[in-house]
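Some notes on the structure that comes next.
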Amino acid sequence: MMMTLKERLLHSVLFEIGAVGVSTIAMLLVSPEKGGAALGVGILMSVVAMAWNLIFNSIFDKIFTAPRETRGIVIRILHTVMFECGLLIATVPMIAYFFQLTLWQALMADIGLTILIMIYALIFNWIYDNVRLKFV
């Protein structure tokens with residue numbers, strides 16, 4: 001069953017609450033003196049990611065029409081990698097600006113953060129889809 005706009009918004013908000021927590025903690029572990037910047041970047045990245053989430057997942061669901069709960073590990077990994085690569089385009093400049101890094105340094109930092117968030121996304125979406133079966 002396809003997700004409604006209301007459900008997509010709920011999914012996106014729940015996901016981003018967890019992602020802000022994960023990314024902020026990761027940034028604080030690497031650069032504890034930049035606490036305010038870590039939270040600010042986490043929230044800004046979350047807002048951008050929520051918009052991208054709605055756009056990307058709408059397109060992805062039109063291409064991969066099988067029920068979400070039947071998607072195997074290969075489709076879930078493909079989904080996660082494609083989503084995060086698209087998001088990198090917007091987030092690298094943010095990280096460079098807020099942490100006063102070169103674009104190369106920001107790209108390396110964002111790739112590390114992206115790997116962490118991809119693991120989180122894989123786990124979150126798998127759990128969400130299975131819990132969703134009980135309510136939808």
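Points worth noting:
- Label sites at Val30 and Thr4, each approximated as a point 7 angstrom past Cα along Cα to Cβ, lie 4.0 nm apart.
- Cα centroid of the stretch 56-91 to Cα centroid of the stretch 93-111, whole Å: 25
- Each of Ala66 and Leu14 was given a label point 7 Å from its Cα along the Cα-to-Cβ line. The distance between the two points is 2.2 nm.
- Note on Lys34, Lys62: ascending count of other Cβ atoms within 10 Å places them as Lys62, Lys34, the fewest first.
- Take every Cα pair under 8 Å whose residues are at least 6 apart in sequence, average their separation, divide by the length of the chain, and the relative contact order is 30 percent.
- Cα-projected label distance for Val47 with Arg76, points at 7 Å along beta-carbon direction, nm: 3.2
- For the stretch 1-134, the Cα-based Rg and Dmax, in that order, read 15.2, 47 Å.
Every read-out reported here was derived from the displayed coordinates using simple, explicitly stated rules and does not represent laboratory data. Please read these numbers as outputs of a predicted model, since none were measured by experiment. Heads up, the Cβs are rebuilt from the backbone with ideal geometry, glycines too, and the neighbour counts pull from every protein chain shown.
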